Amino acid sequence: VDPSLYTPTKRVRLMTAALASTASGSFLVTRKPCTSADKPPTVVLEGPPGIPEPDWSLTRRKHFNIGLMTRKELEEDHLRTLESLKLAKQHVQARDGIIEGAQAQLVVQDIYANKINKALYAKETKQKPDRARLFIEGKGRYATEAQFAEEMKRSQREREEEEGAKSRRRVQRLEKRGAKEAVEAAWMELKEAHAVAVAAWEVECKGLLEEGKPRSSLPKKPTRPRK
């Protein structure tokens with residue numbers, strides 16, 4: 001099958017199916033969150049192919065006079081060139097395969113990085129429970145002991161601090177919104193004043209032109225204010 005016939009969507013489906021069929025990469029295409037136990041496939045680094053090098057001296061020939069060569073010399077040169085071209089083709093195919101494999105590994109690494117990023121985001125944005133944790137480490141406590149009372153006070157302090165922080169953030173948002181609205185109002189006043197000045201300038205210029213004044217003597221147009 002011609003690879004050029006594969007659409008991007010079909011390529012993604014084939015890659016997903018291939019990953020799902022492996023033991024080390026199946027977790028990359030599941031909805032299950034990524035954990036520390038999930039590790040990506042080991043990266044494979046490939047070196048140059050173990051193929052004999054072509055005769056690169058053939059590419060450095062500057063003077064090549066066929067008229068001075070015998071038939072046998074021409075045949076030998078042709079065979080040597082043909083053999084070098086075959087080796088060069090093998091090198092190109094092998095290196096293309098290495099590049100394709102390296103790019104496939106980069107795709108897998110990118111999928112793994114996205115899974116980790118989602119897991120970290122879920123952990124960072126996880127909301128704290130709004131209930132006080134009264135029993136440390138899940139163990140029972142006497143409601144009259146000092147440690148229990150201290151835990152109650154600490155929980156109350158945290159709640160009050162959180163409420164205070166929320167109130168401060170709310171005030172800051174309102175102040176910021178009020179400052180922005182004040183700037184917008186001042187800007188609108190400047191625009192309206194400029195529009196009035198331009199209208200007055202146009203009336204003045206029209207009157208001067210009707211009186212026969214040259215355009216070079218007309219007053220300058222009011223400068224538009226910058227925001």
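The values are calculated or read from the model by the stated rules, or taken from the named source; none is laboratory data. The model shown is predicted, which means the values in this text are computed figures rather than measured ones. For the accessible areas, the whole protein counts, side chains as well, though only heavy atoms, and no ligand, DNA or RNA atoms are used. Shrake-Rupley method; radii C 1.70, N 1.55, O 1.52, S 1.80 Å.
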Take the solvent-accessible surface of the protein heavy atoms, probe 1.4 Å, and return the percent of it on the chain that carbon and sulfur atoms account for. 57
Computed from the mean reciprocal separation of all distinct C-alpha pairs, what Kirkwood hydrodynamic radius does the range 155-227 have, in Å? 16.6
Take the chain, drop everything but the C-alpha atoms, weight them equally and run the Debye formula without solvent; then report log10 I(q)/I(0) at 0.09, 0.18 Å⁻¹ to two decimals. -0.84, -1.29
What are the extents of the Cα atoms of the range 6-109 along their three principal axes, listed from largest to smallest and rounded to whole Å? 74, 28, 21
Based solely on its DSSP helices, what 222 nm [θ] is calculated for the chain when runs of n ≥ 4 H residues each add -39,500 (n - 2.57) and the sum is averaged over all residues, nearest 500 deg cm²/dmol? -21500 deg cm²/dmol
